[in-house]
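In what follows, a single structure is set out as structure tokens and then discussed.
The values are calculated or read from the model by the stated rules, or taken from the named source; none is laboratory data. In this text, all values refer to a predicted model and were calculated from it rather than measured experimentally. Here the Cβ positions follow ideal geometry from the backbone for every residue, glycine too, while neighbour counts run over all protein chains shown.
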Amino acid sequence: MERFQMLKTFRFGGIHPDPSKEYSKGKPIERLPLPKKLLIPMSMSTGAPAKILVDVGGSVAKGQLIGEKSGFISANVHSPADGTVKAIRNITLPAGNVCPALEIETSDEQTDPFSEKCDDTFVQGLSREDLVTIIEKSGIVGMGGAAFPANVKYNIKEGVKVEYLLINACECEPFLTCDCRLLIERREEAISGIRILKRLFGNPDTRLCTETNKRSEAESLITGVKDGSFALEVLKTKYPQGDEKSIINAVTGREVPSGKLPLDVGCVVVNLGTAIAVHEAVCYGKPLYERVVAVTGNGIREPKNLLCPVGASVRDVLDYCGGLTDKADRIISGGPMMGFSFYDLDTPIAKATSGILVMEKIAPKKEYPCISCGRCAAACPMRLVPTRMYKFIMNERVSDAIGINLLDCRECGCCEYSCPSGIPLVQGFKMGKKIWRMKK
């Protein structure tokens, strides 16, 4: 009899929401037809917005640098199309931050400047410093949702050893299916990107990590890895398996201490989509100006996985998917656990837009007083005590909430999902962090 092997997962907390991948998992990636108008935000990464480099009335070319990073933590912005700058104005993004944006009228005729692959000898001759520079110039950010500038994360100080490189294809957020389709349709690009990153980080132990509900897709990709340069790690389907700290704990058994980074325990985590963007930048000279977006949920007529240029509006995307059903109620950027509601359908797609989720109306949860059941603490993967933090914040004692590690909260929503009293815990934690930042 074959010996039963327990699947790895992170040690503490977590929940099991309905994955709901069936809406779009089987839909091949389609390219969204280029809209006549694009609205390109200058803030598509963590940190400072990019500085606009073009003027109203000027022409832009596909892949042209139109926004230059303005700080250490910032990212370049490139035009996804040939066209003309029609306006510069401020817009509000789903997370609530305001930033300048370029309105571009796209040309009828479009060029394809990134179709020729660089010579393999050239790619192999690139140093680690060369690779980081290419990634920086290409405006690549983490595409799993955090949108942290990749060059900052990848520029490892001399003497610091990366022992594990974990390629994150867990996609644990319900409904989202971008990584699932990339595993199926972009295998060669993924393998190339992972090998480039492995070389950049000094050949660490490299694992492609996914959950059991994407096992077959990942196994198909790994069959193309003939040299054993990286291995497959299938993890238990549990939320939030794809969180950086959770995946590190699941695969390596290591814990990232409070206030520390994955690198402090010898690990780097890279999203699968980011690895493919690295391949495109290094092998084709293509900057990051488009991404796969899962358009899904029970409130959209034709769920799809779309390759969208940044700057395309949510309205453009929804219209291409047949529009909303009669019962559609909420439109969310990302997934149901960590996403933000769209309030304006003219909001543009950004580098970190992993999904557009359309949900039918559900009965709102009625809020009751806390019954001290402890379910929120049992579900928290960071081993926090959410009910105590929330009560401190609601009683204007934010410093006390900070004292019991509010800043370690990942805002994953496990606590709120588990709360029988319907208390909006994550909303409280976001408010508490904002108050703390304003005081500092």
Report, by residue number, each residue of segment 178-193 that is over 15 Å from Glu280 (Cβ atoms) and either aliphatic (A, V, I, L, M) or touching a Pro at 6+ places or on another chain (Cβ under 9 Å) (or both). Arg181, Leu183, Ile184
Selection from segment 266-308 of residues that are more than 20 Å from Val358 (Cα to Cα) and in a strand (DSSP E or B): Cys267, Val268, Val269, Val270, Asn271, Glu290
First in segment 161-174 and more than 22 Å from His16 (Cα to Cα) and touching a residue at least 40 places away in the same chain (Cβ under 8 Å), second anywhere and assigned to a loop (DSSP other than H, G, I, E, B) and aliphatic (A, V, I, L, M), Cβ under 7 Å, 6 or more apart: Val162/Ile156
Within segment 355-370, count every residue that is assigned to a loop (DSSP other than H, G, I, E, B) and in contact with a Leu (Cβ under 6 Å, 6 or more places away or on another chain). 0
It is to be established whether one or more residues within segment 55-68 are in contact (Cβ under 8 Å) with a residue 60 or more places away in the chain and β-branched (Val, Ile, Thr). no
Filter segment 175-224 down to residues that are among the basic types (Lys, Arg) and touching an Asp or Glu at 6+ places or on another chain (Cβ under 8 Å) and give me whichever is farthest from Pro17 (Cα to Cα). Arg207
Name every residue in segment 415-429 that is buried (at least 16 other Cβ atoms within 10 Å of the Cβ) and under 20 Å from Asp400 (Cα atoms), in order of residue number. Cys415, Ile423, Leu425, Val426, Gly428, Phe429
Residues of segment 297-342 being within 30 Å of Gly83 (Cα to Cα) and among the β-branched types (Val, Ile, Thr), which ones? Val310, Val314, Val317, Ile331, Ile332
Is it the case, given these coordinates, that Leu306 is at negative phi and either free of Cβ contacts under 8 Å to residues at least 24 places away in the same chain or crowded, with 24+ Cβ neighbours inside 10 Å (or both)? yes
Selection from segment 15-50 of residues under 11 Å from Leu102 (Cα atoms) and not in a loop (DSSP other than H, G, I, E, B) yields Lys37, Leu38, Leu39, Ile40, Pro41
Just checking, how many residues over segment 145-177 are farther than 26 Å from Phe340 by Cα, touching a Pro at 6+ places or on another chain (Cβ under 6 Å) and hydrophobic (A, V, I, L, M, F, W, C)? 2
For segment 149-168, how many residues are assigned to a loop (DSSP other than H, G, I, E, B) and either under 27 Å from Ser43 (Cβ atoms) or acidic (Asp, Glu) (or both)? 4
If we keep only residues of segment 221-252 that are touching a residue at least 60 places away in the same chain (Cβ under 8 Å) and assigned to a loop (DSSP other than H, G, I, E, B), then the residue farthest from Met338 (Cα to Cα) is Phe230
Just wondering, is there one or more residues in segment 333-344 that are of a type in the set (Asp, Glu) and at pLDDT 95 or above? no
Any chance you could count how many residues in segment 342-380 are polar (S, T, N, Q) and either closer than 15 Å to Glu416 by Cβ or exposed (fewer than 12 other Cβ atoms within 10 Å of the Cβ) (or both)? 1
Given (1) touching a residue at least 24 places away in the same chain (Cβ under 8 Å); (2) at positive phi; (3) charged (D, E, K, R), number of the condition Glu396 does not satisfy: (1)
Output yes when any residue across segment 407-423 is of a type in the set (D, E, K, R), in a loop (DSSP other than H, G, I, E, B), in contact (Cβ under 8 Å) with a residue 24 or more places away in the chain and under 19 Å from Lys245 (Cα atoms), and no when none is. yes
Considering each residue of segment 155-201, count those that are of a type in the set (S, T, N, Q) and under 17 Å from Gly228 (Cβ atoms), and give that number. 1
(1) modelled with pLDDT of 95 or more; (2) under 30 Å from Arg383 (Cβ atoms): which one isn't true of Glu105, the others all being true? (2)
Please verify whether segment 228-242 includes one or more residues that are within 18 Å of the chain's Cα centre (by Cα) and either at pLDDT below 95 or among the small types (Gly, Ala, Ser) (or both). yes
Looking only at segment 99-121, and only at residues there that are exposed (fewer than 12 other Cβ atoms within 10 Å of the Cβ) and not charged (D, E, K, R), the one that is nearest to the chain's Cα centre (by Cα): Ser115
Can you name the residue in segment 276-302 that is in contact with an Asp or Glu (Cβ under 9 Å, 6 or more places away or on another chain) and over 26 Å from Ile194 (Cβ atoms) and, of all such residues, is surrounded by the fewest Cβ atoms within 10 Å (Cβ to Cβ)? Asn298
